[in-house]
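Notes for the one structure printed next.
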Amino acid sequence: MYQRILVPIDGSSTSNHGLGEAIRIAKLTQGRIRLFHVIDDLSFALALGSEPRHADDLLKQLRSEGSRILGEAQATVQAAGVDVDTRLGDNFPGSVQDKVAAEALDWGAELIVLGTHGRRGAARLVLGSGAERILRQAPVPVLLVRAPAGKDAAAELLQASASAAAMAAA
(Lines give C-alpha, C1' and ligand atoms only; values in the text may rest on other atoms or scores of the structure.)
Protein backbone atom coordinates (compact mmCIF):
# COMPACT_ATOMS: atom_id res chain seq x y z
CA MET A 1 0.00 0.00 0.00
CA TYR A 2 1.46 3.31 -1.15
CA GLN A 3 5.09 2.30 -1.49
CA ARG A 4 5.98 5.17 -3.86
CA ILE A 5 4.83 8.57 -2.62
CA LEU A 6 5.37 11.68 -4.75
CA VAL A 7 5.53 14.93 -2.79
CA PRO A 8 5.54 18.19 -4.76
CA ILE A 9 7.18 20.87 -2.61
CA ASP A 10 7.79 24.59 -2.93
CA GLY A 11 9.40 25.38 0.42
CA SER A 12 6.26 26.93 1.92
CA SER A 13 4.97 25.97 5.34
CA THR A 14 1.90 24.54 3.62
CA SER A 15 3.93 22.19 1.43
CA ASN A 16 6.07 21.25 4.45
CA HIS A 17 2.88 20.31 6.28
CA GLY A 18 2.02 17.96 3.40
CA LEU A 19 5.55 16.55 3.57
CA GLY A 20 5.05 15.72 7.25
CA GLU A 21 1.96 13.69 6.41
CA ALA A 22 3.80 11.91 3.57
CA ILE A 23 6.55 10.96 6.01
CA ARG A 24 3.98 9.48 8.41
CA ILE A 25 2.43 7.42 5.60
CA ALA A 26 5.82 6.23 4.32
CA LYS A 27 6.83 5.13 7.81
CA LEU A 28 3.60 3.15 8.19
CA THR A 29 3.95 1.45 4.80
CA GLN A 30 7.76 1.18 4.66
CA GLY A 31 7.44 3.22 1.50
CA ARG A 32 9.75 5.71 -0.16
CA ILE A 33 9.27 9.36 -1.02
CA ARG A 34 10.22 11.29 -4.12
CA LEU A 35 10.41 15.03 -3.53
CA PHE A 36 9.57 17.07 -6.62
CA HIS A 37 10.11 20.79 -7.09
CA VAL A 38 8.95 22.52 -10.28
CA ILE A 39 10.27 25.70 -11.82
CA ASP A 40 7.28 26.61 -13.93
CA ASP A 41 6.93 28.91 -16.92
CA LEU A 42 4.77 31.47 -15.12
CA SER A 43 7.09 31.88 -12.15
CA PHE A 44 10.05 32.22 -14.48
CA ALA A 45 8.28 34.80 -16.64
CA LEU A 46 7.10 36.83 -13.63
CA ALA A 47 10.54 36.81 -12.06
CA LEU A 48 12.10 37.73 -15.38
CA GLY A 49 9.82 40.74 -15.86
CA SER A 50 11.19 43.15 -18.39
CA GLU A 51 14.80 41.96 -18.19
CA PRO A 52 15.08 39.11 -20.71
CA ARG A 53 18.84 39.63 -21.01
CA HIS A 54 19.21 38.19 -17.50
CA ALA A 55 17.30 34.97 -18.27
CA ASP A 56 20.29 32.66 -17.82
CA ASP A 57 21.24 34.19 -14.46
CA LEU A 58 17.66 34.06 -13.24
CA LEU A 59 17.24 30.43 -14.26
CA LYS A 60 20.45 29.57 -12.39
CA GLN A 61 19.09 31.31 -9.28
CA LEU A 62 15.74 29.52 -9.55
CA ARG A 63 17.52 26.18 -9.95
CA SER A 64 19.73 26.96 -6.98
CA GLU A 65 16.72 27.87 -4.84
CA GLY A 66 14.90 24.72 -5.98
CA SER A 67 17.92 22.61 -5.07
CA ARG A 68 18.07 24.27 -1.65
CA ILE A 69 14.37 23.54 -1.04
CA LEU A 70 14.84 19.93 -2.12
CA GLY A 71 17.94 19.53 0.04
CA GLU A 72 16.22 20.81 3.17
CA ALA A 73 13.20 18.58 2.61
CA GLN A 74 15.43 15.59 1.86
CA ALA A 75 17.27 16.08 5.15
CA THR A 76 13.91 16.14 6.98
CA VAL A 77 12.81 12.87 5.37
CA GLN A 78 16.17 11.19 5.98
CA ALA A 79 16.09 12.25 9.63
CA ALA A 80 12.75 10.43 9.92
CA GLY A 81 14.38 7.26 8.58
CA VAL A 82 12.48 7.15 5.29
CA ASP A 83 14.03 6.39 1.89
CA VAL A 84 13.97 9.50 -0.27
CA ASP A 85 15.17 10.89 -3.55
CA THR A 86 14.66 14.24 -5.25
CA ARG A 87 13.89 15.62 -8.67
CA LEU A 88 13.98 19.18 -9.95
CA GLY A 89 11.55 19.86 -12.79
CA ASP A 90 13.04 22.76 -14.71
CA ASN A 91 12.25 21.97 -18.32
CA PHE A 92 9.95 24.34 -20.18
CA PRO A 93 7.19 24.61 -21.35
CA GLY A 94 4.48 23.06 -19.23
CA SER A 95 2.24 23.75 -16.29
CA VAL A 96 3.03 22.58 -12.79
CA GLN A 97 0.09 20.18 -12.79
CA ASP A 98 1.20 18.63 -16.08
CA LYS A 99 4.73 18.15 -14.75
CA VAL A 100 3.49 16.60 -11.50
CA ALA A 101 1.23 14.20 -13.43
CA ALA A 102 4.09 13.26 -15.78
CA GLU A 103 6.48 12.71 -12.87
CA ALA A 104 3.92 10.49 -11.12
CA LEU A 105 3.61 8.34 -14.25
CA ASP A 106 7.34 8.28 -15.05
CA TRP A 107 8.35 7.31 -11.51
CA GLY A 108 5.46 4.93 -10.93
CA ALA A 109 4.04 6.85 -7.97
CA GLU A 110 1.13 5.25 -6.15
CA LEU A 111 0.12 8.37 -4.24
CA ILE A 112 0.68 12.12 -4.47
CA VAL A 113 0.68 14.04 -1.18
CA LEU A 114 0.60 17.81 -1.11
CA GLY A 115 -0.27 20.59 1.24
CA THR A 116 -3.10 22.97 0.47
CA HIS A 117 -4.30 26.23 1.93
CA GLY A 118 -7.89 25.03 1.66
CA ARG A 119 -9.01 28.37 0.23
CA ARG A 120 -12.66 28.85 -0.54
CA GLY A 121 -14.81 31.46 -2.17
CA ALA A 122 -13.25 34.67 -3.45
CA ALA A 123 -9.76 33.87 -2.14
CA ARG A 124 -9.73 30.70 -4.24
CA LEU A 125 -10.98 32.56 -7.30
CA VAL A 126 -8.35 35.29 -6.95
CA LEU A 127 -5.37 33.18 -5.91
CA GLY A 128 -6.34 29.96 -7.67
CA SER A 129 -5.81 26.50 -6.36
CA GLY A 130 -2.65 24.72 -7.43
CA ALA A 131 -3.71 21.69 -5.39
CA GLU A 132 -7.03 21.53 -7.23
CA ARG A 133 -5.31 21.69 -10.63
CA ILE A 134 -2.96 18.86 -9.63
CA LEU A 135 -5.90 16.85 -8.29
CA ARG A 136 -7.70 17.15 -11.63
CA GLN A 137 -4.66 16.03 -13.68
CA ALA A 138 -3.28 13.34 -11.37
CA PRO A 139 -3.08 9.80 -12.72
CA VAL A 140 -2.95 8.36 -9.18
CA PRO A 141 -4.72 9.05 -5.87
CA VAL A 142 -3.98 12.44 -4.28
CA LEU A 143 -3.99 13.25 -0.59
CA LEU A 144 -4.54 16.95 0.06
CA VAL A 145 -3.30 18.00 3.48
CA ARG A 146 -4.84 21.22 4.69
CA ALA A 147 -2.53 23.68 6.42
CA PRO A 148 -3.33 24.18 10.10
CA ALA A 149 -5.71 26.99 10.98
CA GLY A 150 -4.04 30.32 11.51
CA LYS A 151 -1.59 30.05 8.63
CA ASP A 152 -1.57 33.33 6.76
CA ALA A 153 -1.73 32.37 3.09
CA ALA A 154 -1.64 35.98 1.91
CA ALA A 155 1.57 36.66 3.83
CA GLU A 156 3.14 33.54 2.36
CA LEU A 157 2.11 34.60 -1.15
CA LEU A 158 3.62 38.05 -0.61
CA GLN A 159 6.84 36.48 0.67
CA ALA A 160 7.07 34.25 -2.42
CA SER A 161 6.48 37.25 -4.69
CA ALA A 162 9.10 39.29 -2.86
CA SER A 163 11.61 36.42 -3.22
CA ALA A 164 10.96 36.21 -6.97
CA ALA A 165 11.32 39.98 -7.31
CA ALA A 166 14.57 39.94 -5.33
CA MET A 167 15.98 37.22 -7.57
CA ALA A 168 14.99 39.21 -10.65
CA ALA A 169 16.69 42.31 -9.29
CA ALA A 170 19.93 40.43 -8.45
Test for Ala45: is it part of a helix (DSSP H, G or I), more than 17 Å from the chain's Cα centre (by Cα) and either hydroxyl-bearing (Ser, Thr, Tyr) or modelled with pLDDT under 95 (or both): yes
Conditions (1) over 16 Å from Leu6 (Cα atoms); (2) modelled with pLDDT under 95; (3) open to solvent by less than 60 Å² (accessible area, probe 1.4 Å); (4) not charged (D, E, K, R): number failed by Ile134: (1)
Complete set of residues in the range 73-93 that are open to solvent by 70 Å² or more (accessible area, probe 1.4 Å) and modelled with pLDDT under 95: Asn91, Phe92, Pro93
Candidate set: the range 77-113, residues that are of a type in the set (Val, Ile, Thr) and free of Cβ contacts under 8 Å to residues at least 60 places away in the same chain; chosen: the one farthest from Leu58 (Cα to Cα): Val82
Qualifying residue in the range 19-37 (condition: on the phi < 0 side of the Ramachandran plot, at pLDDT below 90 and not aromatic (Phe, Trp, Tyr)): no
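The values are calculated or read from the model by the stated rules, or taken from the named source; none is laboratory data. Treat the numbers as computed from the prediction; the structure is a model and nothing was measured. Glycine also receives a Cβ, built like all others from the backbone with ideal geometry; neighbour counts cover every protein chain displayed. The protein model used for the area step is the full one, side chains on, heavy atoms only, and it has no ligands, DNA or RNA in it. Shrake-Rupley method; radii C 1.70, N 1.55, O 1.52, S 1.80 Å.
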